[in-house]
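Take a look at the structure below.
The values are calculated or read from the model by the stated rules, or taken from the named source; none is laboratory data. As the structure is a computational prediction, the values presented were derived from the model and not from experiment. Quick reminder, even Gly has a Cβ in these numbers, built from the backbone with ideal geometry, and neighbours come from all protein chains shown.
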Amino acid sequence: MNFQDIKTKLLGHLVSWASSACPQLAIDWRNQKLFNTVWARIARALLLCVLSIASIEAVWHFLTASGWIQSQQQQWQSVKMVQKTQQAELALQKTKFQTLKLNHAQSNMALLEYHSQVDELILAWPNSALRMQLISRLQQLARAHNLHIVQMKFSPLPNEQGFEAAALEFSLKGPQSATFAYWQSMNQLFQNGIWPTLSWRLLSDGEYALEGQVHLLWDAEDAFTDTGVELQAASRVKVEKRDRSLEVHVLPDHSVAQMRLVGAAQPHSASNGEVFWTLLQSGRHIMAVQTGHFLGIENRRVLSLDAKGLWLEGEPGQPSSLLAWDKVPP
């Protein structure tokens with residue numbers, strides 16, 4: 001028995017079963033009238049459509065499962081992933097922008113402050129009152145640029161053509177831009193200075209070294225009204241006068257805190273009962289003090305004497321102090 005016989009036998013059994021189950025359909029099939037009705041044609045068309053759709057769906061599912069064609073869901077997921085990536089990149093760019101904006105604002109503030117300090121120095125130069133605070137201001141400018149100060153000193157030189165001369169020596173280390181900006185500021189500040197030496201070199205560690213010396217001329221007679229030079233001159237005159245009055249100095253090797261007021265003396269020629277001499281004791285030493293004398297190692301000047309004791313001139317800006325009687329006033 002071959003395959004054809006088996007097929008014929010199976011078809012015979014199928015036809016026998018269909019004839020016994022639905023004799024009318026079997027008769028219509030044999031007479032070729034089964035699909036002559038409208039409903040039969042509609043059913044056949046629907047069956048063909050369903051089979052076609054199922055076939056297309058199966059082929060599409062096979063192609064998408066094998067990866068040859070992306071499905072709409074996969075495409076949508078890919079689009080969503082791209083959107084998420086773009087949103088993350090946008091948030092990162094916004095964060096970077098805010099950070100750069102903040103850094104830029106801070107840099108501008110630091111730069112404005114630095115330029116204000118340089119302008120303040122330029123306005124004061126070559127004012128002689130600037131000499132006392134020149135080193136500290138230059139150090140502040142160096143710290144503003146994060147520079148390492150190796151050496152910075154200010155040395156006087158002999159006068160030149162009626163001007164007071166001085167030499168400023170400095171040695172700094174730091175980044176290239178910072179050292180160059182600092183040199184530009186100094187060159188702008190000391191426009192009439194003389195530069196005997198100046199070097200700017202790259203070090204082995206990647207930093208730059210700025211070293212130099214500039215000779216400066218100061219006019220001691222400049223800007224008497226706004227620099228405090230006249231006040232300094234007045235203070236020098238006061239010190240000179242005080243030094244001249246120190247020729248009368250009582251107990252110069254003793255401290256005022258160790259002195260005691262033990263008595264007073266008046267010459268016969270004194271009038272109106274004025275006390276002219278005051279007796280002080282420090283250890284075993286007893287000395288007579290007069291108004292205007294200076295006492296002890298503190299150089300305290302005697303002002304007056306009354307029932308409370310001896311009044312001494314205080315420190316600059318401080319009130320006068322009292323050296324009271326040891327027991328009772330004489």
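Taking the condition loosely packed, with under 14 Cβ neighbours inside 10 Å and at pLDDT 70 or above, does Pro319 pass?
So Pro319 fits the description; yes.
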By residue number, the members of segment 34-71 that are surrounded by 10 or more Cβ atoms within 10 Å (Cβ to Cβ), aliphatic (A, V, I, L, M) and at pLDDT below 80 are Leu34, Ala40, Leu63, Ala65, Ile69
Residue count, segment 151-185, condition of a type in the set (A, V, I, L, M, F, W, C) and free of Cβ contacts under 8 Å to residues at least 40 places away in the same chain, comes to 7
Note on segment 35-67: residues under 22 Å from Gln24 (Cα atoms), part of a loop (DSSP other than H, G, I, E, B) and of a type outside the set (Val, Ile, Thr) are Phe35, Asn36
Residue hits (segment 168-180; over 19 Å from Leu202 (Cβ atoms) and buried (at least 16 other Cβ atoms within 10 Å of the Cβ)) are Leu168
For segment 116-155 the number of residues that are modelled with pLDDT under 85, closer than 18 Å to Gln213 by Cβ and among the small types (Gly, Ala, Ser) is 0
Counting only residues in segment 1-25 that are in contact with a helix residue (DSSP H, G or I) (Cβ under 9 Å, 6 or more places away or on another chain) and of a type in the set (S, T, N, Q), the one nearest to Trp39 (Cα to Cα) is identified as Ser19
